[in-house]
Structures are given as C-alpha cells and as structure tokens.
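The values are calculated or read from the model by the stated rules, or taken from the named source; none is laboratory data. This structure is a prediction, so every number in the text was calculated from the model and none was measured. Cβ placement follows ideal geometry from the backbone for every residue including glycine, while neighbour counts extend to all protein chains displayed. Only protein heavy atoms, including side chains, enter the accessible area calculation; ligands, DNA and RNA are left aside. Shrake-Rupley method; radii C 1.70, N 1.55, O 1.52, S 1.80 Å.
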Amino acid sequence: GKHVKGLAFTPDGKQLVTVSNDERVRVYAVGTFAEVQVYDWKVGKLGCIAIAPDGLRMAAGSSTGKVVIWDVNL
C-alpha cells in the first residue's frame, strides 16, 4: 500500500508535496487536493521531503540512504 511518510507545503502554501513507500513524490493542489505532478526517482521507499524556501529545488531521502535533489518551478 501507499503510506505517506513525509510532507511539506510549497513556500506559497498552494501545493502540498508528499513522499511515501511507493517510491514516488506527489504534488497536490491545496484548494482541490488534485494530484498535479508525480516524480518517480526509483531510489527506494521515500521517507522525507524538503522544499527550498525559494521553491526552486526539492530533496527527498530514501530508505536505501540515497538523497535526490532536483530543480522544480513551483
């Protein structure tokens, strides 16, 4: 199953980003909670997420000890 392990709001508060044991990062619109983006990094079950204060980068950590950092435009 998919269990949320970490979450963070974007700096503007308009999107919620979650990570789970299904190995995906999901971005939801807060007003509707519609899924607007999915990232699949294939680095293992994800346990934490962080968003840079400027909203231009996100980082996720996995159960395998790997960390993924990527550029976004939220």
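Details
- Restricting the first member to the range 51-74 and to residues that are touching a residue at least 12 places away in the same chain (Cβ under 8 Å), and the second to residues that are among the acidic types (Asp, Glu) and open to solvent by less than 90 Å² (accessible area, probe 1.4 Å), the beta-carbon pairs closer than 9 Å and six or more apart or on different chains are Gly55/Asp12; Ser62/Glu23; Leu74/Asp12.
- Residue in the range 7-58 that is farthest from the chain's Cα centre (by Cα), counting only those that are farther than 18 Å from Asp71 by Cβ and among the hydroxyl-bearing types (Ser, Thr, Tyr): Thr32
- Thr64 fulfils the conditions (1) open to solvent by 30 Å² or more (accessible area, probe 1.4 Å); (2) of a type in the set (Ser, Thr, Tyr); (3) at pLDDT 95 or above except for a single criterion, (3).
- Applying a threshold of 8 Å to beta carbon distances and a minimum spacing of six or more residues, or different chains, the list of pairs starting in the range 1-18 at a residue that is within 16 Å of Val36 (Cβ to Cβ) and ending at one that is open to solvent by 80 Å² or more (accessible area, probe 1.4 Å) and of a type in the set (A, V, I, L, M) reads Leu16/Leu7; Val17/Leu7; Thr18/Val4; Thr18/Leu7.
- Answer residue from the range 45-65, given it is of a type outside the set (Gly, Ala, Ser) and touching a strand residue (DSSP E or B) at 6+ places or on another chain (Cβ under 9 Å) and is farthest from Val4 (Cα to Cα) among those: Leu56
- Test result for Arg26, touching a strand residue (DSSP E or B) at 6+ places or on another chain (Cβ under 8 Å), more than 14 Å from Gly6 (Cβ to Cβ), surrounded by 14 or more Cβ atoms within 10 Å (Cβ to Cβ) and in contact (Cβ under 8 Å) with a residue 12 or more places away in the chain: no
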